[in-house]
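The values are calculated or read from the model by the stated rules, or taken from the named source; none is laboratory data. Note that the structure is predicted; figures quoted are calculated from it, not measured. Neighbour counts run over all protein chains shown; Cβ positions are idealised from the backbone, glycine included. The accessibility values were calculated without ligands, DNA or RNA, using every heavy atom of the protein model including side chains. Shrake-Rupley method; radii C 1.70, N 1.55, O 1.52, S 1.80 Å.
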Amino acid sequence: MAGEGDSEPGKSFKLLGFLDVKNVPCARESVLYGSLGSLVTGLGHFLATSRVRRSCDVAVGGFISTMLGYWFYCRFNLAQQRIQQRMLQEGMKNRILYEGSYLDPEKEQSGSERSNS
């Protein structure tokens, strides 16, 4: 089957032999944005100075800085999302656990609102 070979773990693309772009979160986007940053900085430097070797050096620097910058940005956002997801899961679990019991915070609020009326 043609589609089944794509999901094999041995077929994933590894950048520099150690960064598994397919399975590591944010790796694919970081490499793509790094490539775009490399193209923009290298081409921009070449158009400004017409120095080929120096432009290639600037392009490599642009790749590294753009890739690392986006990597940290993406990983930070991913960590924030995971923290929020964990908090929501814990809250939902507690709501299911305490709903209808004497520990239910909504039950206390509704009881105090009735006494105020």
Open item on the list: How far apart, in nanometres, would the label points at Q89 and F72 be if each is projected 7 angstrom from Cα along the Cα-to-Cβ direction?
Closed with: 2.8 nm
- [ ] Return the carbon/sulfur percentage of the accessible area of region 26-98, one whole number, probe 1.4 Å, all protein chains in place.
- [x] 64 percent
Task: Computed FRET value (nearest 0.05) for S101 with V21, which takes r as the C-beta separation and R₀ as 35 Å - done: 0.10
- [ ] Using only the alpha carbon atoms of region 41-87, find the Kirkwood hydrodynamic radius as the inverse mean reciprocal pair distance, in angstroms to one decimal.
- [x] 12.4 Å
